[in-house]
Amino acid sequence: MGLRTRTALAAAARSRGYETPQDDAVTECHAQLAELECSPPELPDPIDPVPESTIDGLQEAVATHRGRLTARQAVGADDGAVQAALRDAATELSERETRQAAARETRELRRERARAYRDTLEEQRRLTDELANLRRSARATLVDRCADTFARAIEAVPGPVPDDPFDADPVTAALAVLRVAKTPAPVVLETDRFRTPAAASDCLDAPVVRC
């Protein structure tokens, strides 16, 4: 048998209605874990940034066309071509600046969501570790509360009695845990340590089915 005696005994203690000081913290820890959203975040597609040199070049072009427009207007020269060139340069500059701002905002958004996801995972790991520690402490508390009862059960069930009850062989330990536990459901036995099903039921204080 792959019996983990202390874990089984803690479960037996729970069947008898035993509680521990850790129970409220365990419940709270469970609730906090349930509230965490740990799905990978949806990240917007990255936008290729516009090189700063491109922006600088367009800004210079706009400034140059404006200077030419001002000069031609000052002398009353035809400025249609210069206005068109200025308009085209300004439009291209606006489009590139808009794309640059979008790339920057998208990059920041991806970073923020990735950072929030990492923080959530870290919190999940922390709570998981805390929950495991609380469960271990609660199990130890339950085992301590039932240790004497378990020792008496080891002496009462058929089988060798070790110096330390927790060193009992798996079958003896399992029978002792059953004697400690409240078991309204029938117990199925595959051991020949009892003469009759009635003797097993009396010893274990549980309904018994013998295979």
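No lab work stands behind these numbers, since they all come straight from the coordinates. Small disclaimer: the values here were computed from a predicted structure and weren't measured. Here the Cβ is made from the backbone with ideal geometry for all residues, glycine too, and neighbour counts use every protein chain on show.
Miscellaneous remarks
- Residue among ALA200, ALA156, ALA206, ALA174 that alone is in contact with a Pro (Cβ under 8 Å, 6 or more places away or on another chain), hydrophobic (A, V, I, L, M, F, W, C) and over 21 Å from GLN22 (Cβ atoms): ALA206
- Tally, over region 147-188, of residues that are outside any helix (DSSP H, G or I) and buried (at least 21 other Cβ atoms within 10 Å of the Cβ): 3
- Residue within region 38-54 that is under 30 Å from ARG145 (Cβ atoms) and under 24 Å from the mean Cα position of the chain (by Cα) present: no
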